[in-house]
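The values are calculated or read from the model by the stated rules, or taken from the named source; none is laboratory data. If you're wondering where the values come from, they're calculated on a predicted model, not measured in any experiment. Ideal geometry is used to build each Cβ from the backbone, glycine not excepted, and the neighbour counts take in all protein chains shown. Protein only, heavy atoms only, side chains kept; ligands, DNA and RNA dropped before computing areas. Shrake-Rupley method; radii C 1.70, N 1.55, O 1.52, S 1.80 Å.
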Amino acid sequence: NAGVTQTPKFRILKIGQSMTLQCTQDMNHNYMYWYRQDPGMGLKLIYYSVGAGITDKGEVPNGYNVSRSTTEDFPLRLELAAPSQTSVYFCASSYSTVAGPDLDIYEQYFGPGTRLTVT
Amino acid sequence: LAKTTQPISMDSYEGQEVNITCSHNNIATNDYITWYQQFPSQGPRFIIQGYKTKVTNEVASLFIPADRKSSTLSLPRVSLSDTAVYYCLVGAGNNDMRFGAGTRLTVKP
């Protein structure tokens, strides 16, 4: 299994441009997540999805959009790029989102990240 | 959402045991405690998860006292390759857990 893959690895955008960050997982996980990480900081949840066709906002959703048409793919869309969106973006997936009697762990599997610079 | 507090940084030497404590005073009944490790330019990697008492796996142990208001990640006999940022997360699901700034562990030769 390739796990969670993200493209592109690096991207430079001009202010106002748009782009889509791609994320694909081959583990048949229902749950997928998008995070951003600013220098020296922890990760902040942007959006998440509990299955195909279902998405919800996380901690910092403004300026982003997502869609989940298949189990495998969870693209993140930036419509009007701003310098404040300069960050490293991580996609993650998990089998479940809650622990339970039969699910001892619900670890997230992270992709390698996309480094985005908006100038 | 349960807030967590960890030391900003820690130093250790190869071969020593390292204990990183996380404070989470307002942990809820359904919350689990999860630790992740992150190397530079990589996504976080799951280390260990627990609810109460002690959990041990092949890389670490997690100690959780009865009141669950804190937890301690224990890394036995660290090596240079354990130099990383360690995050403590608390929550009942991945969508309500928050990554703080983490603890930057530096292992020296």
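General remarks:
- On the stretch given as the range B:82-109, residues that are more than 7 Å from chain A (Cβ to nearest Cβ) and without any contact (Cβ under 8 Å) to a residue 12 or more places away in the chain total 0.
- Qualifying residues in the range B:1-26 (those that are in contact with an Asp or Glu (Cβ under 9 Å, 6 or more places away or on another chain) and of a type in the set (A, V, I, L, M)) - the one farthest from A:Trp34 (Cα to Cα): B:Val18
- Every pair of residues 6+ apart whose Cβ atoms lie under 7 Å, when the first sits in the range B:47-65 and is under 18 Å from A:Tyr109 (Cβ atoms) while the second is open to solvent by 70 Å² or more (accessible area, probe 1.4 Å): B:Ile47/B:Val59; B:Gln49/A:Ile105
- The residues listed here are B:Asp82, B:Asp96; of these, the one that is within 21 Å of B:Asp11 (Cα to Cα) and of a type in the set (Asp, Glu) is B:Asp82.
- Residue in the range A:36-44 that is within 13 Å of another protein chain (Cβ to nearest Cβ), open to solvent by 10 Å² or more (accessible area, probe 1.4 Å) and of a type in the set (A, V, I, L, M, F, W, C) present: yes
- Criterion (closer than 27 Å to A:Cys91 by Cβ and open to solvent by 40 Å² or more (accessible area, probe 1.4 Å)) met by exactly one of B:Pro7, B:Pro40, B:Pro76, B:Pro65: B:Pro40
- Some residue of the range B:45-57 being crowded, with 21+ Cβ neighbours inside 10 Å, facing another protein chain (nearest Cβ under 10 Å) and either at pLDDT 95 or above or in a loop (DSSP other than H, G, I, E, B) (or both): no
- Wholly within the range A:1-62, strands (runs of 3 or more DSSP E) carrying at least 3 residues that are within 27 Å of B:Val85 (Cα to Cα): A:4-7, A:10-13, A:19-25, A:31-37, A:43-51
- Checked against (1) of a type in the set (A, V, I, L, M, F, W, C); (2) buried (at least 17 other Cβ atoms within 10 Å of the Cβ); (3) touching a Ser or Thr at 6+ places or on another chain (Cβ under 7 Å), B:Ala84 meets all criteria but (3).
- Qualifying residue in the range A:76-88 (condition: within 25 Å of B:Tyr87 (Cα to Cα), within 10 Å of chain B (Cβ to nearest Cβ) and over 14 Å from the mean Cα position of the chain (by Cα)): no
- Top-ranked residue of the range B:6-42 - restricted to ones that are outside any strand (DSSP E or B) and acidic (Asp, Glu), ranked as nearest to the other protein chains (Cβ to nearest Cβ): B:Asp31
- Screening A:Ser49, A:Ser67, A:Ser94 for residues that are over 27 Å from B:Gln37 (Cβ atoms), touching a strand residue (DSSP E or B) at 6+ places or on another chain (Cβ under 8 Å), touching a residue at least 12 places away in the same chain (Cβ under 8 Å) and not acidic (Asp, Glu) leaves exactly one candidate, A:Ser67.
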